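Please read the structure below before turning to the comments.
The values are calculated or read from the model by the stated rules, or taken from the named source; none is laboratory data. Worth saying up front: this structure is predicted, and the values here are computed from it rather than measured. As a convention, Cβ positions derive from the backbone with ideal geometry for all residues, glycine included, and neighbour counts pool all protein chains shown. Heavy atoms of the whole protein, side chains included, go into the accessibility calculation; ligands, DNA and RNA do not. Shrake-Rupley method; radii C 1.70, N 1.55, O 1.52, S 1.80 Å.
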Amino acid sequence: MTITYQVKRGIYVNMTNRCPCACTFCLRLNGPGVYGSSPLWLEREPSVAEIEESIAGWDLSKFDEIVFCGYGEPTERLADLLEVAAWVKARSPETRIRVNTNGLSDLVNGRPTAADFTGKVDCLSISLNTDDPAEYLAVCRPKFGDAAYPAMLKFASDAVRAVPDVVMTVVGEPVTSSEKQERCRAICERLGARLRVRPYEE
Ligand code: SF4
């Protein structure tokens with residue numbers, strides 16, 4: 001079971017397979033067998049103690065950041081995520097902590113949640129994907145339906161007041177045209193976040 005793994009100068013933490021979305025581009029949906037055979041697929045969710053033990057196996061002084069990321073959506077385990085983040089902060093205050101999220105934590109947890117990250121997380125990286133709510137619904141297929149896109153924007157707006165760095169991401173061309181990227185940049189500027197255009201990978 002892969003709980004932590006290295007990507008460049010970061011240690012990535014894999015806590016759950018669960019996610020309220022079913023994005024058309026999600027690695028989890030790329031064909032039969034991928035779901036169960038991916039090295040990141042968790043047969044069960046690791047406990048907080050198991051996650052901390054796995055992180056403790058790395059010399060954090062050699063890495064720039066800890067990233068709570070896929071396989072699923074990390075805020076599906078918000079309380080556990082925050083407990084582990086606080087543990088990392090106490091153990092290694094210099095280590096930057098980032099959460100890669102679909103931004104639907106408020107709907108997942110049934111309450112406003114951005115303030116929970118204050119003091120424990122340095123960066124929230126939120127998948128914006130598009131400036132168009134209808135396209136978002138078609139591509140991300142959130143179980144919350146029409147409520148998801150505005151909830152994601154509200155979470156991002158709250159996050160700007162809660163943590164030092166809020167990044168919103170889109171995939172570059174050909175997935176997102178340059179015109180659409182500029183409209184997404186305008187959304188980010190309005191919210192106080194910064195846009196990151198991720199390179200498209202076939
Ligand atoms: S939000 Fe992420 S984990 Fe969830 S379906 Fe989309 S790409 Fe997959």
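For a quick check: with amide H placed at 1.01 Å from N, whose amide H comes under 5 Å from Leu195's, ignoring anything fewer than 5 positions away on the same chain?
Those lying under 5 Å, H to H, from Leu195 are Met168.
Using the per-residue mean of other Cβ atoms lying within 10 Å as a proxy for protection, in what order, highest first, do the peptides 157-167, 45-55 fall?
Working: 157-167: 18.4, 45-55: 16.6.
Peptide ranking by packing, descending: 157-167, 45-55.
If you project the alpha carbons of the stretch 4-198 onto their three principal axes, what span does each projection cover, largest first, in Å?
In descending order, the Cα extents are 44, 41, 33 Å.
Give, in nm to one decimal, the length gained when the segment between Met1 and Asp59 is fully stretched (0.36 nm per residue of separation minus the Cα-Cα distance).
Working: separation 58, 0.36 × 58 = 20.88 nm, distance 2.01 nm.
That works out to 18.9 nm of additional length.
Please figure out what share of the DSSP beta bridges in the chain is antiparallel and state it in percent, rounded to the nearest 5. List each step's numbers first, then the result.
Values: 4 of 26 bridges.
Of those bridges, close to 15 percent are antiparallel.
Which length gain, in nm to one decimal place, applies between Ala115 and Glu50 when the Cα-Cα distance is subtracted from 0.36 nm times their residue separation? Intermediate values should be presented prior to the final figure.
Values: separation 65, 0.36 × 65 = 23.40 nm, distance 2.60 nm.
Answer, rounded to one decimal: 20.8 nm.
What FRET efficiency would be calculated for the residue pair Glu94, Asp146, taking the C-beta separation as r and a Förster radius of 41 Å, to the nearest 0.05?
Numbers: r = 42 Å, r/R0 = 1.03.
For R0 = 41 Å, the calculated efficiency reads 0.45.
Can you pull the percent of the chain's accessible area that's carbon plus sulfur, 1.4 Å probe, other chains left in place? List each step's numbers first, then the result.
Values: 5090 of 9690 Å².
Carbon and sulfur: 53 percent of the exposed surface of the chain.
How high is the relative contact order of the chain, given as a whole-number percent (alpha carbon pairs under 8 Å, six or more residues apart)?
Working: 354 pairs, mean separation 38.5, N = 202.
It comes to 19 percent, rounded to a whole number.
Divide by every residue of the chain the summed helix terms, -39500 (n - 2.57) for each DSSP H run of at least 4, and state the resulting mean residue ellipticity at 222 nm, rounded to the nearest 500 deg cm²/dmol. Display every interim value, and only then the final one.
Numbers: 7 runs with 69 residues, N = 202.
-10000 deg cm²/dmol, from helical runs alone.
What residue among Val170, Val48, Thr2 has its Cα farthest toward the positive end of the dipole of the chain, where the charges are +1 on Lys, Arg and -1 on Asp, Glu, each on the Cβ?
Val170
For the stretch 35-152, what does the accessible surface come to per residue with a 1.4 Å probe? Please give it in Å².
Numbers: 5040 Å² over 118 residues.
Result: 43 Å² per residue.
Using θ = phi - 60° and the Karplus curve 6.51 cos²θ - 1.76 cosθ + 1.60, what whole-Hz ³J(HN,Hα) does each residue of the stretch 145-155 get, with Gly and Pro shown as x?
x, 4, 5, 5, 4, x, 5, 5, 5, 5, 4
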